[in-house]
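To keep things clear, I will list the structure first and then write my remarks on it.
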Amino acid sequence: MPARALSTATISFGLVSIPVKLYSGAEPKSALSFNQIDKKDGSRIKQQLVNPRSGEVVPREEIVKGYEFAKGQYVLFEPEELKTLEAAATHTIDIVEFLKADQIERQYLDKVYYLGTDKGGARAYKLLAQALIETGRIGIGKYAARGKQYLVMVRPMADNGLVLEQLHYPDELRSFAEVPIEDAVVKPAELKLATQLIEQAASDKFKPENYRDEVRERMLELIQRKVDGEDITIAPTAEPEHKIIDIMEALKASLAAGNARKPAQQAETAAERKAARPKPIAKKRAAAK
């Protein structure tokens, strides 16, 4: 099924304009959610908006938005006033500079969108993609949408495609200097074993298909058992021991375990992993009378 465009936009660099369509770069699986149910009759509980001073339920049509400019003090805004505050949606990805891709540190990356061609823009689209590949550069620009101006990066992708990556502004990032790190001395022998351990588990290529959300799969399996009328119980697990370990012994044991595990990992096939995944949850059948 073809992807559905989220919106349209125009990439602008110099006097060149490229009409494009934006597509979501990922389709995250929704988190498993549980509703609040009245245990007495199985009815789902509804939430209400209540005034904490009067204790009365406030109808939605009487609710306005407010900005807290001081502790407990709010300036109120009507819907039309909020529209005035929002940035005008230009639908233009205005590229202002080109940088080498490795000049953007990873903590700035936020969301990813795929860019597809729009009517009349195929040639210019391909030209920009190939020029970015040729120069080894990415475009940094601005994009206004949904009441906010975003800092974005346009980079080439395989098969002459383009990707739009939304970036964080510098004032949105916390400084790593705020993270407390104790000083310590690393022994050469420890570093040598740690390097060997890393090389032992090293791969030449990232294969995302080798990974899956095992926690979600386990939860779905247990929920299915509950739907089928089973009681689910979890075996008690021992509390983890918080003890000082001998780093050298831990590294040696890790290397030994890695050598023993590698043949088993190589024998596992994609088909076997697929077969191990739980089936979609079926609706609970009516109980037989």
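The values are calculated or read from the model by the stated rules, or taken from the named source; none is laboratory data. Everything numeric here is computed off the predicted structure, so don't read it as measured data. No Cβ is skipped: glycine too gets one built from the backbone with ideal geometry, and neighbour counts run over all protein chains shown. Areas reflect the complete protein model, heavy atoms only, side chains present, ligands, DNA and RNA absent. Shrake-Rupley method; radii C 1.70, N 1.55, O 1.52, S 1.80 Å.
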Give the residues of the stretch 96-135 that are part of a helix (DSSP H, G or I) and touching a His at 6+ places or on another chain (Cβ under 9 Å), sorted by residue number. Q107, Y108
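Any idea which residue in the stretch 1-25 is surrounded by the most Cβ atoms within 10 Å (Cβ to Cβ), counting only those that are among the small types (G, A, S) and part of a strand (DSSP E or B)?
So the residue we want is A9.
Quick test for you: out of V75, V50, V64, V58, pick the one residue that is at pLDDT below 90, open to solvent by less than 50 Å² (accessible area, probe 1.4 Å) and either more than 30 Å from F176 (Cα to Cα) or in contact with a Lys or Arg (Cβ under 8 Å, 6 or more places away or on another chain) (or both).
Numbers: V75 fails: open to solvent by less than 50 Å² (accessible area, probe 1.4 Å); V50 fails: open to solvent by less than 50 Å² (accessible area, probe 1.4 Å); V64 fails: open to solvent by less than 50 Å² (accessible area, probe 1.4 Å).
The match here is V58.
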Tell me which residues, restricted to the stretch 99-138, are of a type outside the set (D, E, K, R) and in contact with a Gly (Cβ under 9 Å, 6 or more places away or on another chain). L99, A101, V112, Y113, Y114, L115, G116, Y125, L128, A129, L132
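Give I45, I37 a once-over and let me know the one that is closer than 30 Å to E221 by Cα, surrounded by 10 or more Cβ atoms within 10 Å (Cβ to Cβ) and modelled with pLDDT of 85 or more.
Working: I45 fails: surrounded by 10 or more Cβ atoms within 10 Å (Cβ to Cβ).
Every option except I37 fails the conditions.
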Name the residue, out of I95, I18, I37, I11, that is in contact with a strand residue (DSSP E or B) (Cβ under 7 Å, 6 or more places away or on another chain) and over 27 Å from R146 (Cα atoms). I37
Selection count where residues are within 30 Å of the chain's Cα centre (by Cα) and assigned to a helix (DSSP H, G or I), scope the stretch 39-92: 3
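Which residues, taken from the stretch 158-171, are modelled with pLDDT of 90 or more and surrounded by 11 or more Cβ atoms within 10 Å (Cβ to Cβ)? Before you say what the answer is, go through the steps one by one.
At the first step, the residues of the stretch 158-171 found to be modelled with pLDDT of 90 or more are 161-171.
Within the stretch 158-171, G161, L162, V163, L164, E165, Q166, L167, H168, Y169 qualify.
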Checked the stretch 241-266 for anything open to solvent by less than 80 Å² (accessible area, probe 1.4 Å) and modelled with pLDDT of 80 or more; matches are M248, A250, L251, A253, S254, L255, A256, A257
Pick from the stretch 78-132 the residues that are touching a Pro at 6+ places or on another chain (Cβ under 9 Å) and among the charged types (D, E, K, R): which of them is most open to solvent (accessible area, probe 1.4 Å)? K119
Are any residues in the stretch 175-210 open to solvent by less than 100 Å² (accessible area, probe 1.4 Å), of a type in the set (V, I, T) and either in contact (Cβ under 8 Å) with a residue 12 or more places away in the chain or in a helix (DSSP H, G or I) (or both), and if so, which ones? T195
